[in-house]
1. Just to be sure before I move on: is residue A:100 within 22 Å of residue B:370 (Cβ to Cβ), surrounded by fewer than 18 Cβ atoms within 10 Å (Cβ to Cβ), of a type in the set (Phe, Trp, Tyr) and at the interface with chain B (Cβ under 10 Å from one of its Cβ atoms) in the structure I sent?
2. Look at residue B:131 and say whether it is of a type outside the set (Ser, Thr, Tyr) and surrounded by 14 or more Cβ atoms within 10 Å (Cβ to Cβ).
3. Report, by residue number, each residue of the stretch B:19-38 that is part of a loop (DSSP other than H, G, I, E, B) and surrounded by fewer than 20 Cβ atoms within 10 Å (Cβ to Cβ).
4. Within the stretch B:287-312, take every residue that is among the β-branched types (Val, Ile, Thr) and closer than 30 Å to residue B:389 by Cβ and give me the one that is nearest to the other protein chains (Cβ to nearest Cβ).
5. What's the total number of residues in the stretch B:92-119 that are touching a residue at least 40 places away in the same chain (Cβ under 8 Å) and either part of a strand (DSSP E or B) or touching a helix residue (DSSP H, G or I) at 6+ places or on another chain (Cβ under 7 Å) (or both)?
6. Kindly indicate the residue of the stretch A:2-18 that is surrounded by fewer than 18 Cβ atoms within 10 Å (Cβ to Cβ) and not in a loop (DSSP other than H, G, I, E, B) and also nearest to the other protein chains (Cβ to nearest Cβ) among those meeting that condition.
7. Can you report the number of residues in the stretch A:93-137 which are in contact (Cβ under 8 Å) with a residue 40 or more places away in the chain and outside any helix (DSSP H, G or I)?
8. Out of all the residues in the stretch B:87-104, is one or more among the charged types (D, E, K, R), at pLDDT below 90 and either buried (at least 16 other Cβ atoms within 10 Å of the Cβ) or not assigned by TED's automatic domain parsing to the domain that holds residue B:361 (or both)?
Amino acid sequence: MSQALPRRMATLTGLAISVVIASWWLGSTRLALDDRADPSRAAADALLLTWLVRGIALAMLGPRSGALRGWRPASMEAFALISPAWPVVVFAWHASTLPWAHAVLAELLLFAAGGVLALIGHRLRMVTKRPDFADALAMTLGVALAATLWLMRTLWAPPAA
Amino acid sequence: MLQRALLLLGLALCGPADAAAPPQIDLTATPAWKGWSRPGRPSEVDIRLSTDAATAATVEVVAGRQSVYTELDLQPGRTVRLHVPVGPAARVVVSVRPSTGATQRRELILLQSESPLLGVGLAAGGPVQLDGFHAVALTADDLPRNASAYSSIDALVLDASTLRALDQRQLAALLGRSASCGRIVVVNTDPQVRRLLDGSGECGGQTLMSADTASDALELLESSLAHARPQPMASGGIGELMGADRAAWNGVVVALAMCFAATALVLMFTSQMSVLLLTPALCAVAAMVLLHVVKPPAQLVVWSEGASGAQLARYQAWHQFPGAVRERTRMRIPPQLAANVQPCDATLDLRFGFDARSGQAMFAEFETRLFRQVSLCYSGSFPMARAIAIEARSDTVREVRNTGPKAWPQGKLLLEGRVHELPSLGPGAHVTLSASGGHPPDAAVQRMARMRVQPDKVAALWPLELGGVSDIPADSRAWLLVTAPP
């Protein structure tokens, strides 16, 4: 299969995530501005959401993509999924009270996770030597990782301003 | 070699002795009102500094989340005195950092009274008590130089000798308090002083009173407590006049929409990794540049009120600084409004730069971020010459006359809950209006005016020119509401 389609799908997924989160954040901010409330909380929540949702999407797609298409294409797909949210991250960080190191570290972690998850999927295929079994195993692993991320979401939460 | 070592040793030993000793600074800090205040109310600190050697020094006064700092040039034999307004706090820390030498600190505890405070500045006479009030005996020097510090007390009784002992700045602050309808009784004053104070008290005679004796003063105060003072407008009310600033929000929406559209467009034509990564990366860089380049403009709204024929109008102003990037910013405070400035939000971390010469805040420093709107609140009074007379010609026809010495501009008349157009009128000129005409208040400023006027009262509303006020945003808005006599 051509690598172009999965890469486009990954970018499209990242774009969809970014559009939805940006819409929610800007809506919350507009309400806060109209009520003369502090919009920084909504910005911090939007940042948390961009990291959490992209993390979950990476966990679901990364290992499977690695198992099916190999480490390098899967890593590229992961980066294509992560990058569309950067403009949202820049704006939301400027509206939040989070330290810049927190935001940079989260983005770097997502990048690292994209590479590592793709590698795990690739290694699963190498170890099992059966693509269908590696696919199922990678999918199970992805779901488990995504569930773990969701359950541990409060650990990602930034401290209250 | 030995000679060189001895020379170095000699220099090392003699150096400290030859170096100028750090200046010895004598710091005294005293709170106004003998240290009494009320919870959540601003006050003032009187700081005296003297030194034995010329030095530059930075004075910082920290009260709660707000601080005030100023830079001074101290000279030997000259005592520098500062009267620094401080925000609401029970503990105030004054520190002086000379250019050389150690920092000196003084910690002041402000006594927070749960009961209303009665300031008593009577040179002669026994203790004065008013039911429910905590009385604080004062000398002239205990009275503040900043009108904002008068918020600490709820009523004040002063006699002629205390009044005479006040300096110019104290008198100005006292007159400012009188103009803002603070309850003040002057005892046994000469006619000249009484005339001066009568001109400044424009609250229907309910708040600035004259008495012959201290006991009369207390009776007057007790009777004045039965009448409510004109309440300042809540900050939310002024904010409503300003409207929410959505320029930054609109800008971010457009920028994000363009970024998403660019990414989608690129996605349609290519799947090259470098392009897919570069597009959002460039968008993010452009977003950062946009935030640093585009500065949302500040806004200023001034709302002033006065009674027809009064010499002074009270004003409140709201100066809003919308943020765009995360940075510490410094904003200039309009000097004409700086006499009584404080952050509208008491929980805001804010630092005022104080000019020791003028005794006013010059600028405010605070943290900004995207969508954050930091606001400063100003209040005070200004001279006014508007007088209006309303006469009923029939059940529905009213004659509105300009009884003042100056012409009016065009404005609005609030009559029986409806808004009428008020044409510009010269002194003595009049216009006839039908009470059944007009229209219900439709603009925010008209609704605000109706809320501020009692239903049975008639009032005129005019837009004000802020030509005499410097360092204000270009599209600042101001209004004057003048209540007509019944």
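1. The answer is yes for residue A:100.
2. So residue B:131 fails the test.
3. Narrowing the stretch B:19-38 to residues part of a loop (DSSP other than H, G, I, E, B): B:19-24, B:32, B:38.
Selection gives B:19, B:20, B:21, B:22, B:23, B:24.
4. The selected residue is B:301.
5. 15
6. A:4
7. 3
8. Kept after step one, since they are among the charged types (D, E, K, R), are these residues of the stretch B:87-104: B:91, B:97.
Then drop every residue that is not at pLDDT below 90, which leaves none.
Looking for residues that are among the charged types (D, E, K, R), at pLDDT below 90 and either buried (at least 16 other Cβ atoms within 10 Å of the Cβ) or not assigned by TED's automatic domain parsing to the domain that holds residue B:361 (or both), one finds none in the stretch B:87-104, hence no.
The values are calculated or read from the model by the stated rules, or taken from the named source; none is laboratory data. None of these values were measured; they are calculated from a predicted model. Neighbour counts are summed over all protein chains in view; Cβ atoms, including those assigned to glycine, are modelled from backbone coordinates with ideal geometry.
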